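Structure first, commentary second.
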Amino acid sequence: MKTKDQLIDDLLTLAFAEDVGDGDHTTLSTIPESEIGCQRLIIKEEGILAGVEIARKVFEKFDPSLKMTVFIEDGAHVKPGDVAFEVEGKVRSLLQTERVMLNIMQRMSGIATQTDKYQQRLAGLKTKVLDTRKTTPGMRMLEKEAVRIGGGCNHRIGLFDMILIKDNHVDFAGGIRQAVQAARDYCKANGKDLKIEQEVRNTAEIEEALEAGVDRIMLDNFTPERTREAVRLIDGRVEIESSGGITLDTLREYGECGVDYISVGALTHSVKGLDMSFKAVK
């Protein structure tokens, strides 16, 4: 299985292939190869900055001679007019890396800003906001990193690093007890040490999940009232996650029920990029 760094490198390879192709003919035809210059990343909208370290990878991959000077690090609160960093080197390289870097940084910063907004709604509570697998294909590692930078927590990265038994698994397996036991047997047979989370739809399934000995219970589409009842029933025996249709407006009400986590697909699947530009220093 590929590492996080390898997946990011693959993403950057694809990004340059689709953007630059066989050459940026505008830049190649108008800018002399020897021309040296400097560009700076200017913030145009208030939010949380994310993607600075990935931007460094963008520049290093395309042209290792580019020199990046960082003024504002990932996770900082930024406002219009702030300068996050400057990059100096061949103008041709600056112009050809600009869009790839901006696409990544705008999206990551938008996700971090959105995550911060959600987590701030939970201020003073033990509850943490979680991301989901509702990410842009190929960009999951970056989007989940942006959630972390914004103050949220990462759920499983993919299908490989946690057992999450959902309603369809239960229905096909013949019940929660059977599904959990099968998962436990599979992990033992394959040398896997994976936590088991069980999605539940009602009180009876909560009881089954507790008897089966899962590590976390996901309350799927529970109302706040039913969530409070579930928290009392579980009584701290396992971690509790709320999921399904929870919005920024309803988030705190669920947090006040006493759950450990609230998963929110909107952190990544429908976020607006943070506005910024990469301008020449004259």
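The values are calculated or read from the model by the stated rules, or taken from the named source; none is laboratory data. Model, not experiment: these values are computed from the prediction. Every residue, glycine as well, gets a Cβ built from its backbone with ideal geometry; the counts of neighbours run over all protein chains shown. The area values use the complete protein model at the heavy-atom level, side chains included, leaving out ligands, DNA and RNA. Shrake-Rupley method; radii C 1.70, N 1.55, O 1.52, S 1.80 Å.
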* **FRET efficiency estimate (nearest 0.05) - Cβ-Cβ, ILE72 to LYS4, R0 22 angstrom** => 0.40
* Structure fact -> Per-residue accessible area, 1.4 Å probe, largest first, puts LEU251, LEU210 in the order LEU210, LEU251
* **Exposed chymotrypsin sites (Phe, Trp or Tyr not before Pro) absent: longest stretch of the chain, with sites in DSSP loops and at most 16 other Cβ within 10 Å deemed exposed** => 161-282
* What ³J(HN,Hα) values, in whole Hz, does the Karplus curve 6.51 cos²θ - 1.76 cosθ + 1.60 give for region 152-164 when θ = phi - 60°, with x put for Gly and Pro? -> x, 10, 8, 6, 4, 6, x, 7, 9, 10, 6, 8, 10
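May I ask you to list the trypsin sites (Lys or Arg not before Pro) in region 98-133 that are in a DSSP loop and have at most 11 other Cβ atoms within 10 Å of their Cβ?
Details: sites: ARG99, ARG107, LYS117, ARG121, LYS126, LYS128, ARG133; in loops: LYS126, ARG133.
Taking region 98-133 and a limit of 11 other Cβ atoms within 10 Å, the loop trypsin sites (Lys or Arg not before Pro) found are LYS126.
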* With everything on Cα atoms, drop me the angle between helix 4-19 and the longest principal axis of the chain, reported from 0 to 90° to the nearest 10. => 50
* Structure fact -> In deg cm²/dmol, rounded to the nearest 500, the helical mean residue ellipticity at 222 nm of the chain, built from -39500 (n - 2.57) for every DSSP H run of length 4 or more, is -13500 deg cm²/dmol
* Set of lysines near LYS282 by C-alpha distance (under 16 Å), chain-local residues within fewer than 8 positions excluded -> LYS90
* About its Cα centre, what dipole magnitude does region 1-96 give when the only charges are +1 on Lys and Arg Cβ and -1 on Asp and Glu Cβ, stated in debye to the nearest 20? -> 140
* Structure fact -> Averaged per residue, the 1.4 Å probe accessible area of the chain, protein heavy atoms only, in Å², is roughly 50
* Modelled label-to-label distance, HIS25 and SER65, 7 Å Cα→beta-carbon offset: nm? -> 2.6
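How much FRET efficiency would the formula 1/(1 + (r/R0)^6) give for GLU53 and ARG201, where r is the Cβ-Cβ distance and R0 is 51 Å, rounded to 0.05?
The computed FRET efficiency comes out at 0.80.
First compute the accessible area of region 167-214 with a 1.4 Å probe, then give the percent of it belonging to carbon and sulfur atoms. Working shown, then result.
On the way: 1360 of 2900 Å².
Carbon and sulfur atoms account for 47 percent of the accessible area of region 167-214.
Which FRET efficiency value, to the nearest 0.05, do you get for SER277 and THR247 by plugging their Cβ-Cβ distance into 1/(1 + (r/R0)^6) with R0 = 30 Å? Don't jump to the answer; show the numbers that get you there.
Numbers: r = 31 Å, r/R0 = 1.04.
It comes to 0.45.
Quick one: grab the alpha carbon gyration tensor of region 158-282, order the square roots of its eigenvalues as a ≥ b ≥ c, and give me rounded if a/c is under 1.5, else prolate or oblate depending on whether a/b is larger than b/c. Please list the in-between numbers first.
Values: a/c = 2.72, a/b = 1.51, b/c = 1.81.
In terms of gyration-tensor shape, oblate.
Looking only at the chain, where both bridge partners belong to it, what percent of the DSSP beta bridges are antiparallel (to the nearest 5)?
Numbers: 18 of 36 bridges.
Rounded to the nearest five, the antiparallel share is 50 percent.
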* To do: Heads up, I need the accessible area for GLU229: 1.4 angstrom probe, whole protein in place, Å², nearest 10.
  => 90
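I need to check one value: relative contact order of region 1-131, counting alpha carbon pairs closer than 8 Å and at least 6 residues apart, in percent.
Result for region 1-131 is 30 percent.
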* Structure fact -> Distance in Å, no decimals, from the C-alpha centre of region 118-140 to the one of region 194-235 is 20
